[in-house]
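Below: one structure, written as structure tokens.
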Amino acid sequence: MEHQLKLNKPLAFFDLETTGVMVNKDRIVEIAIAKANVDGTIEVKTRRVNPGIPIPIEASLVHGIYDEDVKDEPQFKQVAKSLAGFLEGCDLAGFNSNRFDVPMLVEEFYRNDIDFDMKNRKLIDAQRIFHLMEPRNLTAAFKFYCGKDLIGAHGAEADVLATLEVLNAQVKRYEEVSLKDENGKEYFPIQNDMSKLHELTMSNSIDFANRMVYNKERIPVFNFGKYSGRSVTEVLKSDPSYYDWILKGDFAIDTKKKLTEIKLQGFQR
């Protein structure tokens with residue numbers, strides 16, 4: 001299998017199976033990566049991980065992985081360095097990856113003291129493109145774009161390979177398709193350019209948990225709680241205890257890091 005995506009660096013499609021959907025509490029039980037290389041080749045790696053906590057039966061019924069299946073597998077901390085090495089220099093892609101898989105993976109790295117640098121990585125979410133152009137799910141996307149039935153859906157490797165094929169087909173299908181913005185101006189949202197797709201699929205998010213977003217003026221604002229819609233910098237100045245509350249609270253490490261960056265930038269002005 002090869003791809004026709006125009007890449008300046010490898011694009012690693014990945015999918016996670018986990019114990020649940022809480023980024024700060026749940027753990028990875030399987031990860032599959034399909035690395036699309038600049039030369040058109042694809043490398044696939046899949047491995048299971050012992051999460052160190054029981055897998056709830058509700059999660060097992062979705063992905064088919066039970067405690068017995070991972071009891072002899074290494075924990076994430078034992079594979080973290082080699083995994084980070086495999087993803088070194090890669091942009092990241094997936095299906096609903098910006099909302100779930102990327103935050104979960106980053107959190108696992110942070111939790112195990114691996115400084116997984118996200119600043120120079122482009123993030124491409126095929127689901128964002130799909131929902132913009134054809135609102136459905138991965139199984140329907142695979143059928144629609146690739147003309148195939150997705151066998152083994154919710155298995156990490158089947159899902160990640162399907163997502164790679166879907167993005168490849170999306171770019172082919174929509175490169176020449178235009179939309180109109182709110183002012184009636186025509187534009188072409190889908191281009192075979194990872195920078196453009198990154199801008200499209202990341203939207204206005206600041207942290208992966210979406211606790212902070214950019215407003216229309218591109219000012220960071222809180223996206224939850226009593227200060228929802230308020231400038232992050234202004235809130236931190238008027239109510240310094242709110243920063244301490246978040247740092248001590250049950251929030252994702254990524255959220256705390258991004259909040260600290262905004263605080264430091266705002267107080268340096």
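A short reminder: the numbers here are calculations on the coordinates, not readings from a lab. Source: prediction; values computed, not measured. Positions of Cβ are generated from backbone atoms using ideal geometry, with glycine treated the same way; all protein chains shown enter the neighbour counts.
Numerical summary
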read-out	value
Theoretical gain in end-to-end length, residue 24 to residue 117 [0.36 nm per residue, Cα-Cα removed]	31.6 nm
Extension gain from residue 179 to residue 239, taking 0.36 nm per residue of separation minus the Cα-Cα distance	17.3 nm
Per-pair calculated FRET efficiency, R0 = 41 Å: residue 172 and residue 69 via Cβ, rounded to 0.05	0.65
Cβ-placed point charges (K, R +1; D, E -1), dipole of segment 135-251 about Cα centre in debye, nearest 20	240
Between segment 10-56 and segment 221-268, the Cα center-to-center distance that results, in Å	30
Net charge of neighbours whose Cβ lies under 12 Å from the Cβ of residue 232, counting Lys and Arg as +1 and Asp and Glu as -1	+1
Built amide H within the under 5 Å cut-off of residue 93, gap 5+	12, 13, 14, 124
For residue 60, net neighbour charge (Lys/Arg +1, Asp/Glu -1) across residues whose Cβ lies under 14 Å away	-4
Part-to-part distance (alpha-carbon centres) for segment 124-140 and segment 147-220, which is given in Å	7
Residue pairs, from the table 226/257; 81/248; 9/77; 77/119; 77/258; 119/196, whose Cα atoms sit over 19 Å apart	226/257; 81/248; 9/77; 77/119; 77/258
Taking the chain and dividing mean pair separation by its residue count, relative contact order in percent (alpha carbons under 8 Å, at least six apart)	17
Three-way shape label, the chain, alpha-carbon gyration tensor, a/c 1.5	oblate
Pairwise FRET efficiency - residue 39 versus residue 84, Cβ, R0 = 25 Å, nearest 0.05	0.65
Dipole of the chain, positive end: most advanced residue of 252, 52, 89 [Cβ charges, Cα centre]	252
Lys, Arg +1 and Asp, Glu -1 on Cβ, resulting dipole of the chain about Cα centre, debye, nearest 20	940
Around residue 73: net Lys/Arg minus Asp/Glu count, Cβ-Cβ under 14 Å	-1
DSSP bridge orientation in the chain - percent antiparallel, rounded to nearest 5	75
Two-site FRET efficiency, residue 188 against residue 265, from Cβ-Cβ distance with R₀ of 25 Å, rounded to 0.05	0.15
Full-extension gain in nm, residue 200 to residue 137, via 0.36 nm per residue minus C-alpha separation	20.8 nm
Charge-dipole axis of the chain as Lys and Arg at +1 and Asp and Glu at -1 on Cβ define it, positive-most pick from 208, 142, 236	236
